[in-house]
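J.: Take a look at this one; I'll ask things after.
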Amino acid sequence: MVAALWVALAIDRWLGEPAARWHPVVWIGRYLGWAGRRIAPQTETARSPDLARLAAGALAWGAGAAMVLLVAWAVAGAAGRLPGWAEALLLGLALKPLLAWRMLRDEVLAVEAALAGSLDAGRDRLAHLVSRDVHALNEAEVRESAIESLAENLNDSVVAPVFWFVLFGLPGAALYRFANTADAMWGYRGVRQGRVWEWAGKWAARADDVLSWPPARLTAVLLLLSCSLPLRGRAGVGAATARQARRTPSPNSGWPMAAMALCLGVRLAKPGVYTLNEAGRTAGAADTQRAASLATRVVVLLALAASASILGLAA
């Protein structure tokens, strides 16, 4: 499994994402889109509470998760019957689409590059990364949103899949990626694309909260270990991260975002919702590159820690 992890990271670094027709997350998204149209009511027929929609969402989530686990288990089983080098290659090829560091980094840096051209270009590029309305954001808010997205998705797209891979192999990483994608597509409290998700998506949102809980905090720890902080000050910054994280409505995403804000010394905010490290300075253009460099160190530290953990569990 150690070799498979490094194969996956190497493929991500040098080749990036596979074509959409071969991408398992795209397949997951198609299933979730198909099922979502059948379980989420349109605005005019919605009601609250709606336990029938809650049950339908849970059943659809469970059916999709079972399919994902079955495929991942079959691939892992097939790999286990191959010679060592071939097993690592097959597992690495299967693991790679379940994590996406290069794409995340490139997209965040592309927002900064677009901002250098114009505010409108920066907003348009940011819309590829976030689901919020970007049209009223100023330059600082666009940059803050990009850095926030980098921190949050560092967990969702890298740390969490690797965390569950270490514990449960390819099926663990695959289940997490399914749960996280389901939350992204179904886990809305209001209306999205003419459908009400408050009850239909509740199971998906809670499942992602549970599966993201440990790795989100691990991501924050890795960020704090990777940034340039005085050794004696790390405990205090860790406590500050916990306090700041609780300002966000999410039980998990605030942890890596707060750690990133404190490491960079900048303020990160979602207008009208939360402000992290309020005493920090306004993020500048150089801070986006600093954030990307810091996150790169986290990925390296994660890979080393995951490798040691796999070897320790196997001993």
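J.: With the checklist (1) crowded, with 18+ Cβ neighbours inside 10 Å; (2) of a type outside the set (D, E, K, R); (3) within 24 Å of W164 (Cβ to Cβ); (4) in contact with a Phe, Trp or Tyr (Cβ under 9 Å, 6 or more places away or on another chain) in hand, flag the one item L69 doesn't pass.
T.: (1)
J.: From the list R206, R189, R247, which one is of a type in the set (K, R) and under 23 Å from V166 (Cα atoms)?
T.: Residue meeting the stated conditions: R206.
J.: Can you name the condition, by its number, that L51 falls short on among (1) modelled with pLDDT under 95; (2) surrounded by fewer than 17 Cβ atoms within 10 Å (Cβ to Cβ); (3) more than 18 Å from R206 (Cα to Cα)?
T.: Condition (3) is where L51 drops out.
J.: Can you name the residue in segment 23-48 that is more than 16 Å from Y188 (Cβ to Cβ) and in contact (Cβ under 8 Å) with a residue 12 or more places away in the chain and is also surrounded by the fewest Cβ atoms within 10 Å (Cβ to Cβ) among such residues?
T.: Here the residue is R38.
J.: Now for a different question. Name the single residue that is modelled with the lowest pLDDT among those in segment 269-300 being surrounded by 13 or more Cβ atoms within 10 Å (Cβ to Cβ) and of a type in the set (K, R).
T.: Checked segment 269-300; the qualifying residue modelled with the lowest pLDDT is K270.
J.: Starting from segment 218-241, take each residue that is within 11 Å of C263 (Cα to Cα) and list its partners that are charged (D, E, K, R) and modelled with pLDDT of 80 or more, counting only C-beta distances under 6 angstrom and pairs at least six apart or across chains.
T.: These pairs meet every condition: S226/R297.
J.: Look through A240, A283, A269 and report the one residue that is over 16 Å from V162 (Cβ atoms), small (G, A, S), touching a helix residue (DSSP H, G or I) at 6+ places or on another chain (Cβ under 7 Å) and assigned to a helix (DSSP H, G or I).
T.: Within the list A240, A283, A269, the selection yields A240.
J.: Please go through (1) part of a loop (DSSP other than H, G, I, E, B); (2) closer than 23 Å to R132 by Cα for P256 and return the number of the only condition it doesn't satisfy.
T.: With respect to (1) part of a loop (DSSP other than H, G, I, E, B); (2) closer than 23 Å to R132 by Cα, P256 is out only on (1).
J.: Could you please let me know if S157 is under 16 Å from the mean Cα position of the chain (by Cα), within 21 Å of T241 (Cβ to Cβ) and surrounded by fewer than 24 Cβ atoms within 10 Å (Cβ to Cβ)?
T.: yes
J.: Out of the residues in segment 83-119 that are over 26 Å from A19 (Cα atoms) and free of Cβ contacts under 8 Å to residues at least 40 places away in the same chain, state the one that is surrounded by the fewest Cβ atoms within 10 Å (Cβ to Cβ).
T.: If we take residues in segment 83-119 being over 26 Å from A19 (Cα atoms) and free of Cβ contacts under 8 Å to residues at least 40 places away in the same chain, then P83 is surrounded by the fewest Cβ atoms within 10 Å (Cβ to Cβ).
J.: Of A303, A269, A285, which residue is among the aliphatic types (A, V, I, L, M), closer than 20 Å to P215 by Cα and either in contact (Cβ under 8 Å) with a residue 40 or more places away in the chain or touching a His at 6+ places or on another chain (Cβ under 6 Å) (or both)?
T.: Of the residues listed, the single one that is among the aliphatic types (A, V, I, L, M), closer than 20 Å to P215 by Cα and either in contact (Cβ under 8 Å) with a residue 40 or more places away in the chain or touching a His at 6+ places or on another chain (Cβ under 6 Å) (or both) is A303.
J.: Something else: Out of all the residues in segment 306-315, is one or more free of Cβ contacts under 8 Å to residues at least 60 places away in the same chain and not in a helix (DSSP H, G or I)?
T.: yes
J.: Follow-up. Name the one entry in L115, L99 that is aliphatic (A, V, I, L, M) and over 23 Å from A261 (Cα atoms).
T.: L99
J.: Another question about this same structure. Does at least one position in segment 138-152 carry a residue that is of a type in the set (V, I, T), without any contact (Cβ under 8 Å) to a residue 40 or more places away in the chain and in contact with a Ser or Thr (Cβ under 6 Å, 6 or more places away or on another chain)?
T.: Checking segment 138-152: not a single residue is of a type in the set (V, I, T), without any contact (Cβ under 8 Å) to a residue 40 or more places away in the chain and in contact with a Ser or Thr (Cβ under 6 Å, 6 or more places away or on another chain).
J.: With buried (at least 20 other Cβ atoms within 10 Å of the Cβ) and within 13 Å of the chain's Cα centre (by Cα) as the only criterion, which of E144, E148 stands out?
T.: Of the residues listed, the single one that is buried (at least 20 other Cβ atoms within 10 Å of the Cβ) and within 13 Å of the chain's Cα centre (by Cα) is E148.
J.: Out of all the residues in segment 120-136, which are part of a helix (DSSP H, G or I) and surrounded by 14 or more Cβ atoms within 10 Å (Cβ to Cβ)?
T.: A121, G122, R123, D124, R125, L126
J.: OK, next. On the basis of being at pLDDT below 95 and among the aliphatic types (A, V, I, L, M), does A242 make the cut?
T.: yes
The values are calculated or read from the model by the stated rules, or taken from the named source; none is laboratory data. Note that the structure is a prediction, hence the values are computed from the model and not measured. When we count neighbours, we look across all protein chains shown, and the Cβ atoms used for this are built from the backbone with ideal geometry, even at glycine.
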